[in-house]
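Following: one structure in structure tokens, then a few remarks.
The values are calculated or read from the model by the stated rules, or taken from the named source; none is laboratory data. Owing to the predicted nature of the structure, the values given are computational and were not obtained by experimental measurement. Glycine also receives a Cβ, built like all others from the backbone with ideal geometry; neighbour counts cover every protein chain displayed. Accessible surface is based on the protein model in full, side chains and every heavy atom, while ligands, DNA and RNA are left aside. Shrake-Rupley method; radii C 1.70, N 1.55, O 1.52, S 1.80 Å.
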Amino acid sequence: MKKFFQEFKDFAMRGNVMDLAVGVIVGGAFSSITTSLINDVLMPLIGIFVSEASFADLSVTLGSAVITYGNFIQAVINFLIMAFVVFCMVKAINRLSRKKEASPPPPPPEPSSEEKLLTEIRDLLRAQQK
């Protein structure tokens, strides 16, 4: 049981978990901005073309059931905008990571004078053994 809690602690303290938490918080804020853009800007403009005061008011009544397909369309548009933004972000991150991987590694550091001297001694000892 102690090992289980230690593994959980190691998992929770990794940097990825904190990045994920920040991503969820920022994503929630971005979601509310996107929802406002859809509900308060785009849908009223589209509502003008469908002759409704609000796009969300579009509905069909079947018996006692009211199907508000305008809300569904708003949710689909909201999803498409969010998916497009996430796609663009992932594409940009992948492009940056490819550039980072493609850059050549830095050259090895110049050996110190002590290392050079030791290399010369090694080479002389090898030459004497032959």
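Has segment 51-67 got at least one residue that is aromatic (Phe, Trp, Tyr), in a helix (DSSP H, G or I) and out of contact with any helix residue (DSSP H, G or I) (no Cβ under 7 Å at 6 or more places or on another chain)?
No - not one qualifying residue is present in segment 51-67.
Going through segment 70-95 one residue at a time, which ones are under 18 Å from residue 47 (Cα atoms), of a type in the set (Val, Ile, Thr) and open to solvent by 100 Å² or more (accessible area, probe 1.4 Å)?
none
With (1) within 30 Å of residue 29 (Cβ to Cβ); (2) among the acidic types (Asp, Glu); (3) exposed (fewer than 10 other Cβ atoms within 10 Å of the Cβ) as the list, and residue 57 as the residue in question, which single condition is left unmet?
Here residue 57 clears every test but (3).
Which of the residues spanning segment 114-130 are open to solvent by 100 Å² or more (accessible area, probe 1.4 Å) and of a type outside the set (A, V, I, L, M)?
Result: 114, 120, 122, 126, 128, 129, 130.
Determine which member of the set 41, 50, 26 is open to solvent by less than 100 Å² (accessible area, probe 1.4 Å) and either modelled with pLDDT under 75 or at positive phi (or both).
Only one candidate qualifies: 50.
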